[in-house]
Amino acid sequence: MYNLFHYLYKIHYCKYMRQGLLHKTNKVFIVSGIAMYLILMFYWHFPHVIYNALILFNFASFALVIYNSLTLKEHKLTTKRLAATVFVFSLVFVFLYLLLSYYYTGNTFVFSEDDARLYEELSYRIKDIPNKDKIYYLEVVEEFAYDDWGAPIVMSYLLKIAPSKEFVNLIYIILNTISACMLFSIGKTIMERKYAYTGSLVYSISSYTIFFMGSYLKEILLLFLVISCFYCLYRHKNTKHFRNIVLGIILSGLILFFRPAVSLGIWLSYLAYYMFVEKRKVLLIFISIFGIILLYVAFRIIIENYNRFSTVAENNKLANSLFNQIVFALGGLIGPLPHLLQTGNEVTYKPLYGSGLMYKVLLFAAFWKGAIGSIRKRDYEVMPLIVFVVVESLGLIVALDSLELRKAMPHIPFFIMVAFWSIYKYDSSHNGKVTKISSLDFTVCMTLAIGLILAWNILV
């Protein structure tokens, strides 16, 4: 009998070890997610059963779609299939999120009414104002800083087509679908189709992306511009047409009207591309001169906003203890950490994007291993993405905003793509098999990530 069990164990162990990290990561997400949701059910409040039921349905649907993508043959992993999957999934869950929001609050701002209502009212007010007077109105009459001009202006044009928040949500779904396709194109440049497809899918149908598509916030517009900038960069890598770089720089300039610090990260990424990937001295000199000018502009932006960030830091009670400073650092390096279920008395929006963040946190080791390995092995094809993620993450840690999802959103898609690139590199170098040493590392990292998530949900 002992020999029989030992034989069966060896069969199971060998089968498990033959699985690549891609499949193992997805299995850990499904199994640990089910386990954590079961544990947290003990903290449910009965009035929030409908809210939590939708969260669980979103988690199950997300896991099922990702699992199905891993079973598809290579020739079926097409841009059309990705676009159709993202669009339909987004349409269904944005509709469900809007219904949930209306059920609890009487509006469809998905529990983010303060900022969303402000954007809506402002976009309606400037909708019929002549184009040349919109900026004057925002700056002088409303006293809005330039980094908040972008969203109201774009929304005002959308409202002229159809004066409805739901129409804006539909445009967000379309923009997110296009973003997913661009991300897939970037991914195919640096890794196999299966990894690129799954990575772009993980980002584009995650619960946090669904949340922002259902809200009236500016993040989907911002992310579309950011992903477009890197799409232009990697199009230039493939085609060598300099016009792609010019278009990318123009788009990064538009981001100044949404979130200036993100533009700085993109400019540094472009510089990293020419330093590590192109290695063309003439172009590097030109780009460096232009980069110095942009860095000067960025420095002025930082100086202008320094007092605001200093005030936030001084008034933020969370920053007063060493423990909470460590939490901010962890939030920047591996988070933001997710809230998985609605367990308190007050209904908030944070659990709505918990399952997607859980997957992102589970990828933290793959990202940092890939980032360090890229430098150590001089494999610079993903260096622009790594630079952008690191610059953004460090900036959020310094500004004490690393736990705020809205601030972290611009770099999350690239965090995921670099993590999947790292997994691809490992799988391809080991013929899809996991060695004993790497299996131990994988287990330790996953256990750490799951422990942090569970502790965050129970203790905070």
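The values are calculated or read from the model by the stated rules, or taken from the named source; none is laboratory data. Since this is a predicted model, take the numbers as computed values, not measurements. Glycine gets a Cβ as well: all are built from the backbone with ideal geometry, and neighbour counts include every protein chain shown. Remember, those area values only see protein heavy atoms, side chains included, never the ligands or the DNA or RNA. Shrake-Rupley method; radii C 1.70, N 1.55, O 1.52, S 1.80 Å.
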Gly395: within 25 Å of Arg259 (Cβ to Cβ) and either open to solvent by 20 Å² or more (accessible area, probe 1.4 Å) or in contact with a Lys or Arg (Cβ under 6 Å, 6 or more places away or on another chain) (or both), yes or no?
yes
Failed condition for Ser429, given (1) polar (S, T, N, Q); (2) open to solvent by 10 Å² or more (accessible area, probe 1.4 Å); (3) touching a residue at least 12 places away in the same chain (Cβ under 8 Å), with all others met?
(3)
Near pairs, Cβ below 9 angstrom, 6+ apart or cross-chain, from region 58-74 (farther than 21 Å from Phe211 by Cβ) to any residue that is not in a helix (DSSP H, G or I):
Ser69/Leu77; Glu74/Glu192
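Does region 128-149 contain at least one residue that is under 27 Å from the mean Cα position of the chain (by Cα), part of a helix (DSSP H, G or I) and polar (S, T, N, Q)? Talk me through it step by step, then tell me what you get.
So in region 128-149, the residues under 27 Å from the mean Cα position of the chain (by Cα) come out as 144-149.
Restricting the remaining residues to those that are part of a helix (DSSP H, G or I) gives 146-148.
Now narrow it down to the ones that are polar (S, T, N, Q): none.
No; the residues of region 128-149 include none that is under 27 Å from the mean Cα position of the chain (by Cα), part of a helix (DSSP H, G or I) and polar (S, T, N, Q).
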Given the options Thr435, Thr447, name the one that is among the polar types (S, T, N, Q) and either under 30 Å from Leu38 (Cβ atoms) or modelled with pLDDT of 90 or more (or both).
Thr447
Given the residues Leu77, Leu98, Leu175, Leu91, which is the only one that is open to solvent by 70 Å² or more (accessible area, probe 1.4 Å) and of a type in the set (A, V, I, L, M)?
Leu91
So Val202 ticks every box in (1) over 22 Å from Ile255 (Cβ atoms); (2) without any contact (Cβ under 8 Å) to a residue 60 or more places away in the chain but one. Which box is left unticked?
(2)
How about region 112-138: which of its residues are surrounded by fewer than 18 Cβ atoms within 10 Å (Cβ to Cβ) and polar (S, T, N, Q)?
Asn131
Of the residues that make up region 372-390, is at least one in contact (Cβ under 8 Å) with a residue 24 or more places away in the chain and closer than 23 Å to Ser215 by Cα?
no
State yes or no: is Pro152 crowded, with 24+ Cβ neighbours inside 10 Å and modelled with pLDDT under 90?
yes
Output the residues belonging to region 441-455 that are open to solvent by 40 Å² or more (accessible area, probe 1.4 Å) and of a type in the set (Phe, Trp, Tyr).
none
Quick one: would you say Gly199 is farther than 20 Å from Ser355 by Cα and open to solvent by less than 10 Å² (accessible area, probe 1.4 Å)?
no
Do we have any residue at all in region 209-232 that's without any contact (Cβ under 8 Å) to a residue 60 or more places away in the chain and outside any helix (DSSP H, G or I)?
no
Does any residue of region 8-20 turn out to be within 30 Å of Asn169 (Cα to Cα), open to solvent by 40 Å² or more (accessible area, probe 1.4 Å) and either part of a helix (DSSP H, G or I) or modelled with pLDDT under 90 (or both)?
no
State the number of residues belonging to region 202-244 that are surrounded by 20 or more Cβ atoms within 10 Å (Cβ to Cβ) and farther than 20 Å from Arg406 by Cα.
6
